[in-house]
Amino acid sequence: MYLVKNNKSPYYQVVFFTNGKRTTISTKTGNFREANRFISNLKIEPTKEPPAKAQSIIISKFRDEYLSYLESTKSKNYIHTVQYSFKMLIESIGEIPLNRLDLRSIDKFITVTFLRTPSSASLYYRTLKAAFSKAVLWNYIPENPLKKIKSPKVAKVFPAFISETELRSILEKTKEEYLRDLFYAGFYTGMRQGELVNMKWSWVDLNENQITVHCTDSFTTKSKKERIIPICQNLWKIFVNRLPKIFSIANDDYVFTRVAGIKLNEDFVSKKFKKSVRAAKLDERIHFHSLRHSFASLLVQRGVSLYVVKELLGHEDLATTQIYSHLQQQNLRDAVNLL
């Protein structure tokens, strides 16, 4: 049972299967939270009948239904990735019924993509495997063909990060004060770019020295969970200097903005950051997300536990945070060398 929303109605629809038959019920609301309350109160009698034969649905129609399902749980970037993965798959095998997918065609698609770009093959594999698992659950296909294919192996590359000295070089090459403050906040909070440009003053508590990353109707975090990030002393000073002279929750505004009430465009921020990186003659691999990596790397190099870093970054799984473990191992070697 799940929620979808399409162009045919302004309301969220509850989708469920009874005896293998797809059924929808309107929630009569376009508000996601109200729709969730509706689905939690909805009582559907379970069936003991055997599942029906898998239904026939073309790939693009399943893709649209799956993307609609993801809108309530995943980030826009992830949804775009899924959409592009399906686009490449359809270009490779054609617009066929989902239940006619065969192992050889899927294997060929992944293999040919891997020869061209290993990272893309790995990305398509992960996103499509998750999608086809859902297709099995929705009784569109009897089994997931990608479960019989090994995941493409991609060379492990450590993320690019910068030092505090390099950050100062970038800030020196940035003319706009609001961007300098935003870059500084990214380095010392590890917040994602979307979180930074959507951050409002109601998120910031200067008395408790902390930021609460909120999920709202207009913005949700990648993990769909809220978290608290402490504010270091130097960042606290930046917030105090940026604090509006007249401020109230009713007139809540963005913390980092060029024009009051107007949210910064993420592409604009990324390009400005990259321009400053190049002006500072730093590594071309450094981009805005490197500020988040730098925050985590700095903490790990100073002996902070990976479990603590995981919570600060808002990772759902410790395995994601493990990319910084090589820095921790260096600290352990340095400690033993003191003996």
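The values are calculated or read from the model by the stated rules, or taken from the named source; none is laboratory data. The model shown is predicted, which means the values in this text are computed figures rather than measured ones. Note: ideal-geometry Cβ built from the backbone for every residue, glycine included; neighbour counts use all protein chains shown.
Applying a threshold of 7 Å to beta carbon distances and a minimum spacing of six or more residues, or different chains, the list of pairs starting in the stretch 233-253 at a residue that is at pLDDT 80 or above and ending at one that is surrounded by fewer than 11 Cβ atoms within 10 Å (Cβ to Cβ) reads D253/A260; D253/G261.
For the stretch 118-172, which residues satisfy the criterion of being part of a loop (DSSP other than H, G, I, E, B), crowded, with 16+ Cβ neighbours inside 10 Å and over 25 Å from the mean Cα position of the chain (by Cα)?
Step one: of the stretch 118-172, the residues part of a loop (DSSP other than H, G, I, E, B) are 138-144, 149-163.
Subset that is crowded, with 16+ Cβ neighbours inside 10 Å: 138-141, 144, 149, 152, 160-162.
Within the stretch 118-172, N139, Y140, I141, I149 meet the criteria.
Filtered by the rule that a residue be in contact with a strand residue (DSSP E or B) (Cβ under 8 Å, 6 or more places away or on another chain), part of a loop (DSSP other than H, G, I, E, B) and among the polar types (S, T, N, Q), the stretch 185-213 gives a lone residue, N209.
Here L291 does not qualify as under 15 Å from A185 (Cβ atoms), out of contact with any strand residue (DSSP E or B) (no Cβ under 6 Å at 6 or more places or on another chain) and modelled with pLDDT under 95.
Contact map, the stretch 98-120: residues that are in contact (Cβ under 8 Å) with a residue 12 or more places away in the chain and of a type in the set (D, E) paired with residues that are in a loop (DSSP other than H, G, I, E, B) and surrounded by 13 or more Cβ atoms within 10 Å (Cβ to Cβ), Cβ distance under 6 Å, separation 6+ or inter-chain. Pairs shown: D107/I149. One residue alone among K271, K224 is under 29 Å from I79 (Cβ atoms) and touching a Cys at 6+ places or on another chain (Cβ under 7 Å), and that residue is K224. Just name the residue that is surrounded by the fewest Cβ atoms within 10 Å (Cβ to Cβ) out of those in the stretch 307-322 that are modelled with pLDDT under 90 and among the aliphatic types (A, V, I, L, M). Going through the qualifying residues, I end up with A319.
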